[in-house]
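Taking it in order: structure first as structure tokens, then the write-up.
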Amino acid sequence: MANKVYQIVTDRVIELLEHGVVPWHKPWAGEESCPRNLASGKQYRGVNPFLLGVTSWCKGYESSYWLTYKQAQQRGGHVKKGEKSTRVVFYKQYEVAKRDPLTRKLEQVSIPILRFYSVFNVQQTEGVEYPESKLAQIDFNPIERCESVVAGMPNPPEIEINGHRASYQPSSDKIQMPQPDRFKSAEHYYAALFHELTHSTGSKNRLARTGITDKADYASANYAKEELIAEMGSAFLCGHCSIEATTIENAASYIDGWLKKLRNDSKLVIQSASAAQKAADYILAV
């Protein structure tokens, strides 16, 4: 039965990837669902909402506003010492002269060139004024089947619910989660918790996956592959609990973002699904 659910979820993720998916956003409430530049007020587009959204998730930023180092200075502030930037990408049009192969005449043509620049979340700055986060809260009602999965995991990690982000720390074997009523729905809360539980199966005292046992730099290939595994594992567990209808598009968007960083290697979905199946089986004790 579990393998059938896994296959259905895998097929659905691949179908969504093939037809294009919506930009990913973090599943708990914040000031805005889409990142935007503080100076211009414009929303970031393309793969950039994913890049900035993942950074917000990992670092626990509540604000959706970002700006460059120079923009922070122009607004009377500065980036805090030691803070690391996040890269966003854009295409810049360049006019070049190109000779027509038939007429041999020179013509001006526009060529898009991929460029990038570095931005910081406003919470990485000091002295910069920005709109305060307006945090929504839901009436959280636990889902019994999801609670049973969490409670039934053998050799579980410690789960601490008091943070501003969802994360798993291999060194302490601890999961941190925001309060459940901070999420967009109960389903999104469990999807995020299942993601972190899948990460935890990679520890040396469980399945010993290299993406967890070997320290990987953020956005490296190994880190990205581990994220694919965790999101596929979460999708499988959501399918097991019959809540995948609410979470599957967000999962596919998240996976699509990491695939773009890995040069869109679609085979990684299948490879990640295989590792995620082992993780989900471990959590379900099957």
For Asp139, project a label point 7 Å along Cα to C-beta. Then give me every residue of region 165-193 with its amide nitrogen under 14 Å of that point. 186
Table column - 3J(HN,Hα) (Hz), region 76-85, Karplus curve with 6.51, -1.76, 1.60, x for Gly and Pro: x, x, 7, 7, 4, 4, x, 6, 9, 7
Hits in region 107-129: amide N under 15 Å from the 7 Å Cα→Cβ extension of Gln93, namely 108-114
Would you mind counting up the charge near Ser171? Only other residues with Cβ under 15 Å from its Cβ, with Lys and Arg at +1 and Asp and Glu at -1. -1
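Output the peptides 228-235, 60-67, 98-105 sorted from most to least packed, where packing is the average of other Cβ atoms within 10 Å over each peptide's residues.
228-235, 60-67, 98-105
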Using the per-residue mean of other Cβ atoms lying within 10 Å as a proxy for protection, in what order, highest first, do the peptides 124-130, 109-115 fall? 124-130, 109-115
Distance (nanometres) between label positions extended 7 Å along Cα→Cβ at Glu147 and Ile111: 6.2 nm
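What net charge do the residues around Asn162 carry, taking every other residue with its C-beta under 15 Å from that of Asn162, with Lys and Arg at +1 and Asp and Glu at -1? Walk me through the numbers before you get to the answer.
Details: positive: Arg165, Lys174, Arg182; negative: Glu62, Glu158, Glu160, Asp181, Glu196.
My count for the surroundings of Asn162 gives -2.
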Of all the Cα-Cα pairs you can form in region 36-126, what percent are over 19 Å apart? 50 percent
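Averaged across orientations, what area in nm² does the convex hull of the alpha carbons in region 99-210 project?
On the way: hull surface 60.4 nm².
With every direction weighted equally, the projected area is 15.1 nm².
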Would you please put 76-84, 180-188 in order of how densely packed they are, using the mean number of other Cβ atoms within 10 angstrom per residue and starting with the highest? 180-188, 76-84
Residue by residue, what Karplus-based ³J(HN,Hα) values in Hz, rounded to whole numbers, does region 185-202 have, using 6.51, -1.76 and 1.60 with θ = phi - 60° and x for Gly and Pro? 6, 4, 4, 5, 4, 5, 4, 5, 5, 5, 4, 6, 4, 5, 3, 5, 5, x
With a Förster radius of 30 Å, plug the Cβ-Cβ distance of Glu158 and Lys70 into 1/(1 + (r/R0)^6) and report the FRET value to the nearest 0.05. 0.10
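Every read-out reported here was derived from the displayed coordinates using simple, explicitly stated rules and does not represent laboratory data. Worth saying up front: this structure is predicted, and the values here are computed from it rather than measured. Glycine also receives a Cβ, built like all others from the backbone with ideal geometry; neighbour counts cover every protein chain displayed.
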